[in-house]
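Asks: So that we are looking at the same thing, I have put the structure below in C-alpha cells.
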Amino acid sequence: MTRALPLHAVVIGLCVVWIVPTVGLCINSFRSPQLVVSSGWWTTLFSPPRFTLQNYAAVLGTYHLGRGFLNSIAITLPGTVIPVTVAAFAAYALAWMRFPGREALFALIVGSLVVPLQVTLVPVFELLSAVGLVGTFPAAWLAHAAYGLPLAIYLLRNFMAALPKELLESASIDGASPFTIFARLVLPLSWPALGALVVFQFLWVWNDLLVALIYIGGRPEVAPMTVMVSNLTNSLGQNWQLLTAAAFISMLLPMGIFFAFQPSFVRGILAGALKG
C-alpha cells in the first residue's frame, strides 16, 4: 500500500491539472461580464455565487451557436457510423476470410496510417469539388470516413483475429453463413473494441476544425461548432466570457459520449493492448 502512494499522488495531481481549467471554464460561463473582468473565477468559491444565463443566451441566439451545434451533430453522427460500419465488415474479412492479396491489402491499409492528412487536402478537395459536394455535409462525411477507416480497420482486425477460432469454426460446421457468423458472433464479441472506436472517431470528428473548414467552409447553414467558435475568437474582442459559454457548449456532448461508453472504452483499450 505504501508503495502505491506516490503513484496515487501523481494520478490525483494529473486529474487536478485537467479538471481545474474545466471547472474554471464552467464557472466563468455563468458569470456576468462585470464579474469576469473584475475578479477570478475562484472567488465564486468563497462568496455567494451570482450566476446568469445571459452568456449562453447570447451565443445560442445572437451568434447562432445553436445551429452550429445541430450542424456538428449532423456531421459527426454519419462521420462516426459510416467508418465504424465499413471497418467492421472489412476487419472481419481481413481477419477470417481467405482471398488473394489479403495480406498485401492489409499492409497497404496499415501503411496509409503514416500518410499526413494535410497531403490529401488538395486532391480530395478537387475530387469533391468535381462532383459538387464541397460546402455540403456529405463532403465531411466522406472525408472523415476516409481518414478514419485505416485506423478503424487496423484496430478491429487485430481484435477480431484474436477471437477463438474454434467458436467460429463450430458455427460454420453447424451451417451458419459468413454473414450470420459476423452478425451473431463476431459483432457481439467485438463490442468492447467497437465501443472504444466509436469514442475515438466521435471525438475526432466532433473536435475537428481543419477538415470542416476546408471541405464545408464557414457558412452558418452548414458550419459546425468548431468553425463557429473559431470565428467567434476573432469577432468578440473583449467579450471573452462568451467564448467560455461557447466552449462549454461544445464540450457537453463529447463528455456525455465518453462517460456513456467509458466501460466499453476501457475494455477495448485493454483488450487491444493484450491481444493486439
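Asks: What number of residues within the range 233-276 are loosely packed, with under 15 Cβ neighbours inside 10 Å, at pLDDT below 60 and either outside any helix (DSSP H, G or I) or among the aliphatic types (A, V, I, L, M) (or both)?
Replies: Matching residues across the range 233-276 total 5.
Asks: Something else: Would you confirm, using the coordinates I've provided, whether residue 67 is assigned to a loop (DSSP other than H, G, I, E, B) and farther than 30 Å from residue 179 by Cβ? Can you show your working first?
Replies: Numbers: assigned to a loop (DSSP other than H, G, I, E, B): no; farther than 30 Å from residue 179 by Cβ: yes.
It is false that residue 67 is assigned to a loop (DSSP other than H, G, I, E, B) and farther than 30 Å from residue 179 by Cβ.
Asks: Name the residue, out of 192, 150, 138, that is under 25 Å from the mean Cα position of the chain (by Cα) and within 19 Å of residue 213 (Cβ to Cβ).
Replies: 138
Asks: Out of curiosity, is residue 198 touching a His at 6+ places or on another chain (Cβ under 7 Å), at pLDDT 85 or above, part of a helix (DSSP H, G or I) and on the phi < 0 side of the Ramachandran plot? Reasoning before the result, please.
Replies: Numbers: touching a His at 6+ places or on another chain (Cβ under 7 Å): no; at pLDDT 85 or above: yes; part of a helix (DSSP H, G or I): yes; on the phi < 0 side of the Ramachandran plot: yes.
Spelling it out, it is not the case that residue 198 is touching a His at 6+ places or on another chain (Cβ under 7 Å), at pLDDT 85 or above, part of a helix (DSSP H, G or I) and on the phi < 0 side of the Ramachandran plot.
Asks: While we're here: Starting from the range 4-27, take each residue that is touching a residue at least 40 places away in the same chain (Cβ under 8 Å) and list its partners that are among the β-branched types (Val, Ile, Thr), counting only C-beta distances under 7 angstrom and pairs at least six apart or across chains.
Replies: So the pair list comes out as 25/244.
Asks: Tell me whether the range 171-190 contains one or more residues that are in contact with a Lys or Arg (Cβ under 9 Å, 6 or more places away or on another chain), among the aliphatic types (A, V, I, L, M) and free of Cβ contacts under 8 Å to residues at least 60 places away in the same chain.
Replies: Just the residues of the range 171-190 that are in contact with a Lys or Arg (Cβ under 9 Å, 6 or more places away or on another chain), to begin with: 171, 176.
Next, only the ones that are among the aliphatic types (A, V, I, L, M) stay: 171, 176.
When the remaining residues are screened for being free of Cβ contacts under 8 Å to residues at least 60 places away in the same chain, the result is 171, 176.
Yes, some residue in the range 171-190 is in contact with a Lys or Arg (Cβ under 9 Å, 6 or more places away or on another chain), among the aliphatic types (A, V, I, L, M) and free of Cβ contacts under 8 Å to residues at least 60 places away in the same chain.
Asks: Considering 114, 81, 131, which residue is among the hydrophobic types (A, V, I, L, M, F, W, C), within 25 Å of residue 253 (Cα to Cα) and without any contact (Cβ under 8 Å) to a residue 12 or more places away in the chain?
Replies: Residue meeting the stated conditions: 81.
The values are calculated or read from the model by the stated rules, or taken from the named source; none is laboratory data. Remember, predicted model here, so these are calculated numbers, not experimental data. Counting neighbours? That spans all protein chains shown, and the Cβs are built from the backbone with ideal geometry, glycine included.
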